[in-house]
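The values are calculated or read from the model by the stated rules, or taken from the named source; none is laboratory data. As the structure is a computational prediction, the values presented were derived from the model and not from experiment. Cβ atoms come from the backbone with ideal geometry, glycine included; neighbour counts cover every protein chain shown.
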Amino acid sequence: MRTRVAIIGAGPAGLFLAQLLDAAGIESVLVERRSAEYVKSRIRAGILESASVRLLREAGVGDRIARDGIEHRGIHLQWPGERRHLDFVDLTGKSVWVYGQTEVTKDLMAARERAGQAAFYEVSDVELHDVESDSPAVTFTDAEGRAQRIDAEIIAGCDGSHGPSRHSVPRQHRRTLERTYPFAWLGIRADVAPSTDELIYAWHPDGFALHSMRSPTVSRFYLQVRPDEDLADWSDDRIWDALSTRLGLDGWTLHPGPITERSVLPMRSVVTSPMRHGRLFLAGDAAHTVPPTGAKGLNLAIADVALLSRAIAEWLGAGDTRLADAYSDTALRRVWRCTHFSWWMTTMLHRHGDEFDAGLQLTQLQRVAQSSAAATELAENYSGIPIEGLP
Ligand code: RFL
Ligand code: PHB
């Protein structure tokens with residue numbers, strides 16, 4: 001089979017790239033290891049920057065966000081005895097949106113089906129070939145067990161943090177920098193109306209807690225736990241008690257409800273560079289991972305792909321490689337900014353170290369709440385820094 005762009009991975013990065021290329025009249029083939037049902041039901045991120053919402057809308061996949069998304073002006077930052085609202089709209093003019101990654105994925109998959117372009121799900125043995133040549137290829141075994149080969153002009157590695165694409169950049173050309181944090185998140189989804197209007201990020205002596213949401217009837221919560229935490233040790237009562245304590249504030253009540261999903265997420269920062277080698281381009285988690293405290297993972301994937309789709313369109317459309325040549329450096333500047341912000345939010349809000357560290361964290365939180373300069377710094381990063389070259 002021959003196509004113009006072979007896309008490995010049907011997460012948000014791969015699906016959105018496919019959509020943007022289709023809009024530019026460029027044919028692509030998607031190759032995904034999991035089933036479409038599995039990809040659609042995977043629960044992950046929940047917050048979209050307004051620029052991500054605009055990009056999805058411009059690409060024709062924004063109708064449901066406009067209808068079911070919930071626009072938030074900012075977040076609540078909390079530490080014992082204090083809950084302070086940061087209003088991003090007042091500070092930066094930008095809001096953020098609550099709209100689950102599962103919904104973004106469903107919208108993009110529906111658009112892909114409407115576009116009638118090829119997608120292979122449940123594939124195995126994906127391998128990349130000749131990425132340094134002018135005729136790269138992807139081989140794999142399809143869901144029926146048949147050997148397949150896709151010859152392409154460009155390969156987009158959108159296969160997340162465990163996919164094969166990154167490893168197709170030869171070791172001597174590739175640099176991976178990473179930090180593993182000494183804690184994890186226990187995440188739950190519950191069928192209960194949120195007990196808050198906007199997200200609450202809480203520092204607490206027992207550990208960090210986050211109150212998020214998915215809709216007016218579905219809440220999402222996270223608790224800082226040990227990286228080797230056993231979910232079996234967390235009964236529903238223990239989870240709700242810990243959330244009530246860590247999110248607790250006089251005069252405020254947390255409403256518990258039936259827990260419909262629970263998992264433990266490790267916390268890592270990873271940056272791989274360069275994000276291009278020959279005709280292979282990396283985007284999203286295939287090139288970088290951030291801890292979820294800054295709500296950046298999904299937004300970074302969308303921003304990478306906004307840059308990459310333009311670079312590919314210029315190259316394959318007009319033969320102009322300037323944007324493609326600049327892609328890695330341009331994307332990595334933004335990746336590092338978001339990596340710093342995610343690291344900063346993570347280290348400010350999670351218990352680690354000793355009482356000296358706690359003193360530093362608390363003074364930083366108070367500073368953010370008291371100084372409009374400090375608050376604006378958080379707000380600009382959380383609500384989304386500009387994507388270079390885009391209006
Ligand atoms: P994805 O979403 O991981 O998609 C990659 C896709 O590639 C497929 N794949 C392969 N396909 C073919 N052949 C192979 N050999 C393949 N290997 C892998 C995978 O099945 C998958 O479908 O990456 P993408 O598109 O770059 O999107 C990035 C976001 O998904 C990610 O940044 C965020 O979801 C991160 N993240 C979270 N971010 C938040 O802001 N808040 C969260 O609560 C949050 N929770 C999470 C998360 C990431 C998680 N992962 C990756 C472990 C929870 C989890 C469990
Ligand atoms: C979520 O709703 O899943 C969520 C929200 C904000 C974060 C991380 C996760 O920082």
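Numbers for the structure displayed
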quantity: From the options Leu360, Leu390, residue that is modelled with pLDDT of 95 or more and either buried (at least 16 other Cβ atoms within 10 Å of the Cβ) or over 19 Å from the mean Cα position of the chain (by Cα) (or both); calculated: Leu360
quantity: Members of the range 212-225 found to be surrounded by fewer than 24 Cβ atoms within 10 Å (Cβ to Cβ), away from ligand 1 (no atom under 13 Å from the Cβ) and in a strand (DSSP E or B), listed by number; calculated: Ser215, Val218, Val225
quantity: The one condition in (1) within 16 Å of ligand 1 (Cβ to nearest atom); (2) in contact with an Asp or Glu (Cβ under 7 Å, 6 or more places away or on another chain); (3) assigned to a helix (DSSP H, G or I) that Thr330 fails to fulfil; calculated: (1)
quantity: Scope the range 221-253; condition in contact with a His (Cβ under 8 Å, 6 or more places away or on another chain) and within 16 Å of ligand 2 (Cβ to nearest atom); matching residues; calculated: Phe221, Gln224, Leu243, Arg246, Leu247
quantity: Filter result (among the β-branched types (Val, Ile, Thr) and either farther than 18 Å from Ala311 by Cβ or free of Cβ contacts under 8 Å to residues at least 60 places away in the same chain (or both)) within the range 122-173; calculated: Val123, Val126, Val138, Thr139, Thr141, Ile150
quantity: Failed item in (1) in contact with a Pro (Cβ under 7 Å, 6 or more places away or on another chain); (2) not basic (Lys, Arg); (3) not in a helix (DSSP H, G or I), with Trp252 passing the rest; calculated: (1)
quantity: Test: residue in the range 36-57 that is within 15 Å of the chain's Cα centre (by Cα), on the phi > 0 side of the Ramachandran plot and either within 16 Å of ligand 2 (Cβ to nearest atom) or crowded, with 24+ Cβ neighbours inside 10 Å (or both); calculated: no
quantity: In the range 341-374, the residues that are among the small types (Gly, Ala, Ser) and either closer than 14 Å to Asp206 by Cα or assigned to a helix (DSSP H, G or I) (or both); calculated: Ser342, Gly353, Ala358, Gly359, Ala369, Ser372, Ala373, Ala374
quantity: Which numbered condition Trp344 misses (of (1) of a type in the set (A, V, I, L, M, F, W, C); (2) within 16 Å of ligand 2 (Cβ to nearest atom); (3) crowded, with 23+ Cβ neighbours inside 10 Å; (4) under 17 Å from Gly384 (Cβ atoms)); calculated: (3)
quantity: The range 271-312: number of residues that are of a type in the set (S, T, N, Q) and near ligand 1 (Cβ under 8 Å from one of its atoms); calculated: 2
quantity: Residue ID - nearest to ligand 2 (Cβ to nearest atom), chosen from residues in the range 174-191 that are surrounded by fewer than 18 Cβ atoms within 10 Å (Cβ to Cβ) and either under 24 Å from Glu261 (Cα atoms) or without any contact (Cβ under 8 Å) to a residue 12 or more places away in the chain (or both); calculated: Asp191
quantity: Pro205 part of a loop (DSSP other than H, G, I, E, B), over 20 Å from His85 (Cα atoms) and in contact with a Lys or Arg (Cβ under 9 Å, 6 or more places away or on another chain); calculated: yes
quantity: Tally, over the range 348-391, of residues that are under 17 Å from Ala295 (Cα atoms), of a type in the set (Val, Ile, Thr) and free of Cβ contacts under 8 Å to residues at least 60 places away in the same chain; calculated: 1
quantity: The range 31-69: number of residues that are within 16 Å of ligand 1 (Cβ to nearest atom) and outside any helix (DSSP H, G or I); calculated: 16
quantity: Search result, residues across the range 314-341 that are of a type in the set (A, V, I, L, M, F, W, C) and crowded, with 19+ Cβ neighbours inside 10 Å; calculated: Trp315, Leu316, Ala324, Ala331, Leu332, Val335, Cys338, Phe341
quantity: Test: residue in the range 100-110 that is within 12 Å of ligand 1 (Cβ to nearest atom), surrounded by 15 or more Cβ atoms within 10 Å (Cβ to Cβ) and more than 26 Å from Leu280 (Cα to Cα); calculated: yes
quantity: Cβ pairs under 8 Å, 6+ apart, first in the range 43-62 and closer than 17 Å to Cys338 by Cβ and of a type in the set (Asp, Glu), second part of a loop (DSSP other than H, G, I, E, B) and within 15 Å of ligand 1 (Cβ to nearest atom); calculated: Glu49/Gly384
